[in-house]
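A short write-up of the structure that comes next.
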Amino acid sequence: MSDSLYTTVLRLQNGTTYKGWSFFPLSFIYGEIVFNTSMTGYQEVFSDPSYSGQMVVFTCPEIGNTGLNKQDNESNFVHIKALIAKNISSISSNWRSKISLKDYLIYKRIPHIFGLDTRSLAQRLRLFGVTTAVLFNSNNDTKIANSLYLPNLDLMRKITSRKVYNCSSSAFQNLIYTFPTYLKPYSPNIISKQYLVAVIDMGLKFNILRKLLLSGCNIYIFPATSSYKSILKYNPDGILLSNGPGDPSLSTYVVTTVKKLVKFSNVPIFGICMGHQILNLALGAETFKLKFGHRGLNHPSGIYKYSEITSQNHGFAISTSCFIDNQELNKFSAKYLNLNDSTISGTFHKKLPVFSVQYHPESSPGPHDSEYLFRVFIELIRLIKFE
């Protein structure tokens, strides 16, 4: 691979400029710039559909030390708009590594910049909020406007699956056998009864499928645009609303579908991240955009004297004020809060088998404190079916 470096510029919407380098020439790359506080897991971040359209600043001083492998991707594609780092290791040292981060960036032509002060950049985003930015090579003579405005896009519709497909243990062995031995399907902790779970794909991560497969589920994945009737036609035992990117209020079609599923299906529903927001919107809640979002592996969530350390990745949250006067939402309990800023992290219906969390119980890498929620989901299915 080439050892050439190209002087590169990152310019924020307000005109603030950072200079660094890239491994290959760049065209003009526009996107929303956000930061992630994780110390590891850059491969999962690249391939996480929730980062679609975003430039990601890694606050970890150096990334790339463990290279990349074939097992840890969260989807089949690179979804980030650009990578921004203080330093990128040119050497990878891990027994599973198949390619270095440097070579991967060049091979996949992933826009990037390194060698800039990411601490200063992250502090600016914390002070003034997430913003749009442009990334380009400094020798490009084209003038860049100081104000960069990106239209609100329905990213969910863009990246969701195009048709219904089945994901069973026999058909997707690679999703399971990349796990450590103690998590493989023959574990005595795995529930023997196979339930059919409908997963609504809003930007689905592979690890959600792994957790369901390891719980003995037969899975059907549905596009986010699927109708109420097309989902119930499969007679699912449970419904999972996946993670995903963008503004949930733009995806009114899936909100309408979930509203019908909650009211008429009597099927257990579990929402994760974007699924949490969509489920609450379906029940009459409202969302708002966070100043700089929650993106990292170390967010405490809980209530009173109880806390779980969670992995989070979202730029929107549920408004607490909408729970006060809404009669339908009075049946919904805001069970957990993000203990950093008191935004809602988990909601549970008081009468229906419906619940959701803003964080990622399937996180890998990351804390496993909330992994038990998949067992809760399976137990709800069992109870509803009276088995």
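The values are calculated or read from the model by the stated rules, or taken from the named source; none is laboratory data. Note that the coordinates shown come from a computational prediction; the quantities given were computed from them, not determined experimentally. Ideal geometry is used to build each Cβ from the backbone, glycine not excepted, and the neighbour counts take in all protein chains shown.
Overview of values
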item	result
Pick from region 1-51, criterion of a type in the set (Asp, Glu) and under 21 Å from residue 107 (Cα atoms), ranking: modelled with the lowest pLDDT	3
Scan of region 67-81 for residues that are farther than 12 Å from residue 108 by Cβ and either touching a His at 6+ places or on another chain (Cβ under 9 Å) or surrounded by fewer than 18 Cβ atoms within 10 Å (Cβ to Cβ) (or both), ordered by number	69, 70, 71, 76
Residue, farthest from the chain's Cα centre (by Cα), within region 1-44, restricted to residues that are of a type outside the set (S, T, N, Q), farther than 18 Å from residue 121 by Cα and surrounded by fewer than 19 Cβ atoms within 10 Å (Cβ to Cβ)	3
Extreme residue, modelled with the lowest pLDDT, among residues of region 323-338 that are hydrophobic (A, V, I, L, M, F, W, C) and surrounded by 18 or more Cβ atoms within 10 Å (Cβ to Cβ)	329
Hits in region 236-274 (condition: on the phi > 0 side of the Ramachandran plot and modelled with pLDDT under 95)	246, 266
Index of the failed condition, residue 256 passing every other in (1) surrounded by fewer than 23 Cβ atoms within 10 Å (Cβ to Cβ); (2) part of a strand (DSSP E or B); (3) not basic (Lys, Arg)	(2)
Test: residue 310 is within 29 Å of residue 127 (Cα to Cα), buried (at least 18 other Cβ atoms within 10 Å of the Cβ) and in the same structural domain as residue 240 (by TED's automatic domain parsing)	yes
Selection from region 151-170 of residues that are at pLDDT below 70 and surrounded by 12 or more Cβ atoms within 10 Å (Cβ to Cβ)	169
Close pairs (6 angstrom Cβ cut-off, 6 or more residues apart or separate chains): on the phi > 0 side of the Ramachandran plot in region 353-381, surrounded by fewer than 24 Cβ atoms within 10 Å (Cβ to Cβ) and of a type outside the set (S, T, N, Q) anywhere	366/297
Exclusive hit being closer than 21 Å to residue 236 by Cα, within 24 Å of the chain's Cα centre (by Cα) and surrounded by fewer than 18 Cβ atoms within 10 Å (Cβ to Cβ), set 375, 382	375
Complete set of residues in region 278-290 that are in a strand (DSSP E or B) and touching an Asp or Glu at 6+ places or on another chain (Cβ under 9 Å)	287, 289, 290
Meets criteria (over 16 Å from the mean Cα position of the chain (by Cα) and in contact (Cβ under 8 Å) with a residue 24 or more places away in the chain) for residue 244	no
Residue list for region 82-99, filter: part of a loop (DSSP other than H, G, I, E, B) and crowded, with 19+ Cβ neighbours inside 10 Å	86, 92
Scan of region 214-241 for residues that are part of a helix (DSSP H, G or I) and either in contact with a strand residue (DSSP E or B) (Cβ under 9 Å, 6 or more places away or on another chain) or surrounded by 16 or more Cβ atoms within 10 Å (Cβ to Cβ) (or both), ordered by number	214, 228, 230, 231, 232
The listed residue being assigned to a strand (DSSP E or B) and in contact with a Ser or Thr (Cβ under 9 Å, 6 or more places away or on another chain), out of 244, 275, 271, 293	271
